[in-house]
1. Find how much the distance from residue B:40 to residue B:24 grows on full extension, using 0.36 nm per residue of separation minus their present alpha carbon separation; answer in nm with one decimal.
2. For the range B:16-178, what does the alpha-carbon gyration tensor say about shape, rounded, prolate or oblate, given a ≥ b ≥ c as the root eigenvalues, a/c under 1.5 as rounded, and a/b over b/c as prolate?
3. Which shape class applies to the range A:37-88: rounded if a/c is under 1.5, otherwise prolate when a/b exceeds b/c and oblate if not, where a ≥ b ≥ c are the square roots of the Cα gyration tensor eigenvalues?
4. So if I take the centroid of the Cα atoms in the range B:91-144 and the same for the range A:22-53, what is the distance between those two points in Å?
5. Using the per-residue mean of other Cβ atoms lying within 10 Å as a proxy for protection, in what order, highest first, do the peptides A:62-68, A:23-29, B:85-91 fall?
6. Under the definition of partner shielding as Cβ atoms of other protein chains within 10 Å of a residue Cβ, what is the mean value for peptide A:12-18?
7. Given points 7 Å out from each Cα along the Cα-Cβ axis, report the residue B:52 to residue B:173 separation in nanometres with one decimal.
8. For the range B:1-105, what does the alpha-carbon gyration tensor say about shape, rounded, prolate or oblate, given a ≥ b ≥ c as the root eigenvalues, a/c under 1.5 as rounded, and a/b over b/c as prolate?
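What follows draws every value from the coordinates through simple rules; no lab data is involved. On a predicted model such as this, the values are computed, not experimentally measured, just so you know. For neighbour counting, all protein chains shown are included, and Cβ atoms are generated from backbone atoms with ideal geometry for every residue, glycine included.
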């Protein structure tokens with residue numbers, strides 16, 4: 001499996017650290033209440049199909065990436081920098 | 001304050017040559033990380049003149065001083081003290097933190113490709129740089145000549161890096177001796 005780092009180019013999977021669902025970027029507000037926090041920390045969908053996950057380019061450029069991949073076909077659909085997403089003004 | 005003698009990480013190592021390819025330590029002089037603050041691209045370009053901030057996966061050079069890309073909006077200034085960049089970029093001294101090795105010769109790329117999962121054949125041209133693992137070590141690798149690479153690793157990894165590259169060179173030399 002290879003991931004294309006938006007900065008470094010196509011790299012081997014071993015250079016990356018897998019963190020989990022992109023949901024971790026959607027942090028609830030401090031007053032959101034225990035249910036929202038429980039959801040944020042523990043409740044994940046188990047999707048057969050397209051998922052968006054966080055990966056860390058650990059032995060490369062040290063950037064967090066959002067990788068869209070298909071868990072059925074193993075196809076990698078896109079990779080983007082979390083930092084760029086913030087630049088574009090998406091709440092993170 | 002006592003006068004302390006600055007030593008490079010591998011100051012006891014003499015250059016070693018196998019298969020016509022030399023592994024040596026380089027003393028790059030001062031190393032500083034320059035990490036751009038958001039929106040300060042123009043101010044940085046002005047302050048760095050005549051140096052040019054490198055595009056990802058490359059380095060720029062001016063009068064023996066290098067600016068090597070090391071991450072998003074970040075580069076290492078190697079061989080000169082950094083200019084004043086208050087409010088433009090975060091500057092941190094890295095001089096003591098890295099060990100710098102050079103691998104020069106006909107099998108330099110071949111030896112490094114045993115350790116680095118990158119294609120370092122001539123498509124990785126002079127002027128290109130990469131953040132890539134050397135074994136399991138985080139490193140900065142750049143091509144300074146058709147047959148020459150510079151490899152930077154954390155200082156604590158200096159001996160391991162030297163050993164790994166030396167073993168790669170030795171095995172290439174041994175194989176060449178068999179043919």
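1. Values: separation 16, 0.36 × 16 = 5.76 nm, distance 3.75 nm.
Length gained between residue B:40 and residue B:24: 2.0 nm.
2. Working: a/c = 2.39, a/b = 2.09, b/c = 1.15.
Cα axes put the range B:16-178 in the prolate bin.
3. On the way: a/c = 1.88, a/b = 1.20, b/c = 1.58.
Oblate.
4. Measuring centre to centre over Cα atoms gives 39 Å.
5. Numbers: A:62-68: 18.3, A:23-29: 13.4, B:85-91: 15.6.
Ranked from most to least packed, the peptides come out as A:62-68, B:85-91, A:23-29.
6. On the way: counts 4, 0, 3, 5, 0, 0, 0.
For this peptide, the per-residue mean of nearby foreign Cβ atoms is 2.
7. 3.9 nm
8. Values: a/c = 2.72, a/b = 1.58, b/c = 1.73.
Because a/c hits 1.5 or more and a/b fails to exceed b/c, the range B:1-105 counts as oblate.
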